[in-house]
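Worksheet: the structure to be examined is printed underneath.
Read the figures in this text as sums done on the coordinates, not as results from a lab. All values derive from a computational prediction rather than experimental measurement. Every residue, glycine as well, gets a Cβ built from its backbone with ideal geometry; the counts of neighbours run over all protein chains shown.
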C-alpha cells in the first residue's frame, strides 16, 4: 500500500469517531457565527456605524465578519490540536494502537492533519454561508475566504499538535489559550482597525500611572504565592491576565467607535478583574467594594445551575449544548451595549436571563447607580443557585444511590 493509502487509514478512524459527535458540532458551527454577528456586527454595529467611518466605507458588520471567520479558524484548529492530540497519546493511547499496525508516525500525522483540514473546511463553509445571509459579502471573491480560512487553521494546528505531543500535562494549554490565542483574537484587527489612535493614548496613560505598577506587581506576587493548587497554579495565575486583555480591548480601542474549586477560582478571577478596573480608573463609586461579593453571588447562581445540568449529560460532547446557552447570554445580556437597541419584546426576554441580572448588579456597584432593583438581582441569582443545588442533589442521589 502506498504512503498516501496508509495515511487514509487514520483519517477513516477519525471520521468514524466523528460520526458520534457531529450533530453537536454542526449545531455550534451554525449558532456561533449567528450569535457573534447578531451581537457584534448588528447590535454593536448600530453604535459603531453612527460614530465613525471604517476603512473603504464598509459597515461594521462587513468589517467584523471576515475577522471573526479568520479568528474562528484559529480557535477551531488550536482546540482540535490540543486536548484531543494529548488524549490520543497520553490517555486513550489511540496513536499507540495505530503504530502497532503497519502505520508509521508520518501516516498518523498526515491523517490527523487531514482531519483538521476537514473540520476547518466544514466550519468555513458554514461560516461563509452565514455571512452571506447577513449580507456581509460584497464581492464574488469572498468565496476565496473558505480556502484562506483552512490555511489559517492549518497554520495553527500543526505547531499546536507538535506541542501537544511534547507536553506531559494539559495545564500548559490554558496558558497558551490565555496568553497567545486570546490576545490574538482581541487585538489582531478582528474587531477594530489596528491603526486605532487610542492605543497611543493607552500607552501614555500606562506611563503616567507608573508609580502604581509596583503595587500592582506586589498584588500579583501575593496572588501567586497564595496558590495551593500545585500543578494547577498556572491556570489560576494566567486567569489574572485575562481581564487585562478583555479590558484593554473593549475599553480603549472601541471607545473610538462607540464613544478546581469553583468558588475560589471565581473569586480569584473576580478579584483580578476588580483590581484591573480600579487600576485603569474605571470605578466611579465606593460601592464597587461590593462587586467582589456580588461576583460570588453570580458564581453561586451559575455553579448551582451548572452542576444540575451536568447530571443530565451523557458524554463530554454534551458540553457543546452548554456553549449554546452561555454564548448568547454573554453576547446579548448588555455586556457590550445597552439592551435598548433591541425590540421591546426581545428586551424583556433579555431581562429574564440570569447573566443580565449579574451584569446589572456589578455595573450598578461600579458606577454608583445602586437602587432597590439590585435586591431583585441578588434574589434571582441566589434562588437560581439554591434551586440548582437542590435539583442536582436529587439527581445525584437517584443516579448513584439506586
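General observations
- Mean Cα-pair separation over length for segment 1-168, i.e. relative contact order, pairs under 8 Å, 6 or more apart, %: 36 percent
- Extension gain, residue 188 to residue 27: 0.36 nm times the residue separation minus the Cα-Cα distance gives 55.3 nm.
- Full extension of the chain segment joining residue 370 with residue 340 gains 8.8 nm, where the gain is 0.36 nm per residue of separation less the Cα-Cα distance.
- Extending 7 Å from the Cα toward the beta-carbon at both residue 132 and residue 42 defines two label points whose distance is 1.9 nm.
- Segment residue 104-residue 125, length gained on full extension (0.36 nm per residue, minus Cα span): 4.4 nm
- Rounded Å value of the spacing that divides the Cα centres of segment 333-349 and segment 267-302: 23 Å
- Translational diffusion coefficient (Stokes-Einstein; Kirkwood radius from C-alpha pairs) of segment 268-315 at 25 °C, 0.890 mPa s, in µm²/s: 196 µm²/s
- Extending 7 Å from the Cα toward the beta-carbon at both residue 175 and residue 9 defines two label points whose distance is 3.7 nm.
- Distant alpha-carbon pairs in segment 59-207 (separation over 24 angstrom), percent: 44 percent
- Residue 16-residue 390 pseudo-label distance in nm [points 7 Å out on the Cα-to-Cβ vector]: 4.8 nm
- Residues of segment 90-113 falling in the label zone of residue 162, defined by backbone nitrogen less than 13 Å from a point 7 Å along Cα to beta-carbon, are absent.
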